[in-house]
Amino acid sequence: MRIRLNRRTFIASGAAAAGSTLLGAPAISQANWPNKPVRVVCSFPPGGSTDVVSRSYSEFLSRHFGQSFIVENKGGGSGTVGALDVKQAKPDGYTLMATISTAMIQNRVTIKNLAYDPEKDFEIVTIVSGSGGLIVVQPNIGVTNLKEFVEYGKGKKLSMGTYSIGSTPHLVASELNQQYGLNIEPIHYRGEAPMWSDFMARSTDIGVGSTAPTLPVLQTGRGKLIASVGTRNRAFPDVPTLAEQGLKSKASHIRGYVGLWAPANTPQEILDKLSEAVVLGGKDQRVQQATEQFHLDPAISTADAKKRFASDSVALVAALKELGIQPE
């Protein structure tokens with residue numbers, strides 16, 4: 001049987017075929033992802049834990065997928081510069097963001113008119129947690145634990161260095177004041193390096209920081225470790241946490257972390273691939289060697305990351321508002 005196609009039938013058939021091809025394109029593109037280099041925007045400068053996580057996991061993802069994951073540092077504005085870049089990127093899996101929990105939780109309270117919505121503009125992929133923060137006091141005051149510190153601090157005006165408004169050290173100072181009637185004034189710095197520099201010059205009484213920047217303070221005998229925050233620190237497993245020593249924390253027990261995010265509306269198939277890959281990356285020897293200097297835990301699955309991010313957001317935002325912090 002012969003089939004005759006007139007011009008109208010031919011055009012209609014061609015349009016249907018073209019439509020079918022276009023409809024199938026996203027599925028094919030997603031299935032083949034990644035088929036070109038992926039940009040990983042690190043929203044903080046080189047050298048810190050965010051940069052180390054970005055580079056170590058990107059190197060693993062490059063090996064795992066056989067495609068380059070290229071880290072681009074875009075620091076500034078407490079993580080807002082990098083976040084805006086990724087927010088505006090096409091949600092196709094070729095732009096990702098590595099940033100800290102402060103930029104995605106505390107910034108909601110501390111920055112006026114925040115130009116991105118951490119929950120609506122992004123999809124969380126994973127979380128890489130740090131070990132418990134370290135609480136260090138001046139060695140000349142002669143205390144070795146929280147109880148002794150509280151006794152020493154009664155009736156005195158003390159100062160605690162923090163690395164930003166709304167940070168864990170800021171919360172620690174507030175909770176110690178509330179529970180024990182202390183008078184600790186938080187002094188906010190632009191990062192841990194200047195904070196510890198002033199502490200070692202004896203300009204502040206207490207400091208709370210992450211493992212790598214704090215180690216030189218302890219190794220040189222310029223500070224005395226009395227507790228950890230959240231969980232016991234892997235570098236000092238015998239030092240109990242504040243909670244174990246009696247602090248009834250509302251929010252300071254929450255550990256900060258580096259997270260990996262994608263723009264909102266990134267295809268679920270791509271997010272699933274990334275979730276599976278980063279969990280494998282956390283077991284990779286090269287990744288472990290790179291992140292061990294900061295005593296970081298392995299990456300967790302997207303499902304677990306979503307639960308933790310949601311719960312931490314509720315607790316921290318409430319605690320910061322209770323402090324009466326005014327956005328800048």
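Within the range 156-262, considering only helices (runs of 4 or more DSSP H) that don't extend past its boundaries, which have at least 2 residues that are of a type in the set (Gly, Ala, Ser)?
168-180, 192-200
Determine whether ASP304 is in contact with a helix residue (DSSP H, G or I) (Cβ under 7 Å, 6 or more places away or on another chain), acidic (Asp, Glu) and surrounded by 14 or more Cβ atoms within 10 Å (Cβ to Cβ).
no
Among the residues of the range 30-39, are any surrounded by fewer than 18 Cβ atoms within 10 Å (Cβ to Cβ), more than 30 Å from GLN289 (Cα to Cα) and at pLDDT below 85?
Checking the range 30-39: at least one residue is surrounded by fewer than 18 Cβ atoms within 10 Å (Cβ to Cβ), more than 30 Å from GLN289 (Cα to Cα) and at pLDDT below 85.
Residue by residue through the range 124-145, note down the ones that are in contact with a Leu (Cβ under 6 Å, 6 or more places away or on another chain) and either within 15 Å of ALA310 (Cβ to Cβ) or not in a strand (DSSP E or B) (or both).
Those that are in contact with a Leu (Cβ under 6 Å, 6 or more places away or on another chain) and either within 15 Å of ALA310 (Cβ to Cβ) or not in a strand (DSSP E or B) (or both): VAL125, THR126.
Return yes or no: is TYR94 more than 16 Å from the chain's Cα centre (by Cα) and of a type in the set (Ser, Thr, Tyr)?
Yes: the conditions hold for TYR94.
Going by the conditions given, is GLY324 over 19 Å from SER101 (Cα atoms) and out of contact with any helix residue (DSSP H, G or I) (no Cβ under 9 Å at 6 or more places or on another chain)?
In short, yes.
For the range 191-200, check the following and say yes or no: at least one residue is closer than 21 Å to PRO240 by Cα and either open to solvent by 50 Å² or more (accessible area, probe 1.4 Å) or of a type in the set (Ser, Thr, Tyr) (or both).
Within the range 191-200, not a single residue is closer than 21 Å to PRO240 by Cα and either open to solvent by 50 Å² or more (accessible area, probe 1.4 Å) or of a type in the set (Ser, Thr, Tyr) (or both).
All but one of (1) open to solvent by 50 Å² or more (accessible area, probe 1.4 Å); (2) under 22 Å from ALA315 (Cβ atoms); (3) not basic (Lys, Arg) hold for GLY181, so report the exception by its number.
With respect to (1) open to solvent by 50 Å² or more (accessible area, probe 1.4 Å); (2) under 22 Å from ALA315 (Cβ atoms); (3) not basic (Lys, Arg), GLY181 is out only on (2).
The values are calculated or read from the model by the stated rules, or taken from the named source; none is laboratory data. Being a predicted model, the structure only gives us computed values, none of them experimental. Cβ sites come from the backbone with ideal geometry, for glycine too, and all protein chains shown count toward neighbours. Surface accessibility is based on the protein's heavy atoms, side chains included, excluding ligands, DNA and RNA. Shrake-Rupley method; radii C 1.70, N 1.55, O 1.52, S 1.80 Å.
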